[in-house]
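The values are calculated or read from the model by the stated rules, or taken from the named source; none is laboratory data. The model shown is predicted, which means the values in this text are computed figures rather than measured ones. Here the Cβ positions follow ideal geometry from the backbone for every residue, glycine too, while neighbour counts run over all protein chains shown. These accessible areas exclude ligands, DNA and RNA; they are computed on the full protein's heavy atoms, side chains included. Shrake-Rupley method; radii C 1.70, N 1.55, O 1.52, S 1.80 Å.
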Amino acid sequence: MKQPIFTGSGAAIITPFTSETVDYPALRRLIDFQLLGKTDAIIVCGTTGEAATMSYVERMRAIETTVRHVDGRVPVIAGTGSNSTENAITLSKDAALAGVDGLLVVTPYYNKATQLGLVQHYYAIADAVGLPLIVYHVPSRTGVTIAAETYAELARHPNIVGVKEASGNFGLIQKTRELCPEDFYLWSGNDEDTAAVCLLGGKGVISVAANVVPREMHELTAACLRGDFVEAGQMQLKLRRLIAALFCEVNPIPVKTALHLMGYCQDILRLPLCPLSPAHRLLLEETLAEYGLI
């Protein structure tokens, strides 16, 4: 039986930048903040990490830095997706050599693969790398939707352990639970859906909000995993305004701004992402102050 790479709250960590490259000392400070807050896993070079704008060398060094600094204390999962299967395989192999515990592989964007193409894409990557692989389903960004029947086919591969579900489609999630075996695991890909996905059998969340409130997201998922959904629901509602503020503009613009305001990194994004608008920055500052974060 396949095992989940992690259970609980996995932080989709930002990538701090200087004006020229990755700010590796700041990345290590952010990892320390996550570990102190009892985050259950670190996901590096995902969407929140702006991996699409990083050079290959930067991406690999960020992964290596994360693996070394975490030093086995929690699982490290690397984002290695691409719209080119060949590129995704290369990224995945190099991440494996860097020592990651698992892979997060987004659906191939832009190409608009068929369901058969998606199966072949993921099988090719999973065949090439002997690590647990989590499918990342985020149709709002990729324009690609995975069917529950396709999940059932992917679940047959011994290295494909589950999916980060960021579609917000609870009908799809329910059908996936019906069609897939117990060892095909679900993680929420949306912070606001965490408790609801866990109620349907999810194993936790791959979280943006955990960047700023790692302990709270850990405690929310811990309540879910012990079956205390009354408490989990209360925690989810308590975090609602903060989560909304962290998504007032496209991720990761607000969360990186929040971490800058909290003193963890510079407020540097790479184009085509641009600074938070003045109105939303004021909203974010007020919300962070309300939650005692600044």
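See the values below:
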item: Counted residues, region 168-183 - those being under 19 Å from ILE5 (Cβ atoms) and among the acidic types (Asp, Glu); result: 2
item: Elements of type helices (runs of 4 or more DSSP H) contained in region 193-294, each with 3 or more residues being within 19 Å of ALA12 (Cα to Cα) and open to solvent by less than 60 Å² (accessible area, probe 1.4 Å); result: 194-199, 214-225, 240-246, 253-261
item: Filter result (farther than 15 Å from LEU269 by Cβ, open to solvent by 50 Å² or more (accessible area, probe 1.4 Å) and assigned to a helix (DSSP H, G or I)) within region 43-65; result: TYR56, VAL57, ARG61, GLU64
item: Pick from region 265-285, criterion among the charged types (D, E, K, R) and touching a residue at least 24 places away in the same chain (Cβ under 8 Å), ranking: farthest from PRO254 (Cα to Cα); result: ARG270
item: Tally, over region 121-135, of residues that are open to solvent by less than 20 Å² (accessible area, probe 1.4 Å) and in contact with a Leu (Cβ under 6 Å, 6 or more places away or on another chain); result: 4
item: One residue from ALA41, ALA26, ALA11 being under 11 Å from LEU104 (Cβ atoms) and small (Gly, Ala, Ser); result: ALA41
item: Which numbered condition GLY130 fails, given (1) within 19 Å of the chain's Cα centre (by Cα); (2) farther than 30 Å from LEU293 by Cβ; result: (1)
item: Only listed residue being over 17 Å from ASP101 (Cβ atoms), touching a residue at least 40 places away in the same chain (Cβ under 8 Å) and of a type in the set (Ser, Thr, Tyr), chosen from THR7, THR47; result: THR47
item: Selection from region 156-192 of residues that are out of contact with any Ser or Thr (no Cβ under 9 Å at 6 or more places or on another chain), part of a loop (DSSP other than H, G, I, E, B) and surrounded by fewer than 21 Cβ atoms within 10 Å (Cβ to Cβ); result: ARG156, HIS157, PRO158, ASN159, PRO181, GLU182, ASP183
item: Qualifying positions in region 147-205 - out of contact with any helix residue (DSSP H, G or I) (no Cβ under 7 Å at 6 or more places or on another chain), without any contact (Cβ under 8 Å) to a residue 40 or more places away in the chain and within 20 Å of ILE43 (Cβ to Cβ); result: ALA166, ASN190, ASP193, GLY202
item: Subset of region 7-42 (residues that are open to solvent by 10 Å² or more (accessible area, probe 1.4 Å) and part of a loop (DSSP other than H, G, I, E, B)); result: THR7, THR18, SER19, GLU20, THR21, ASP23, LYS38, ASP40
item: Of all residues in region 92-120 being assigned to a helix (DSSP H, G or I) and open to solvent by less than 10 Å² (accessible area, probe 1.4 Å), the one that is nearest to ILE146 (Cα to Cα); result: LEU118
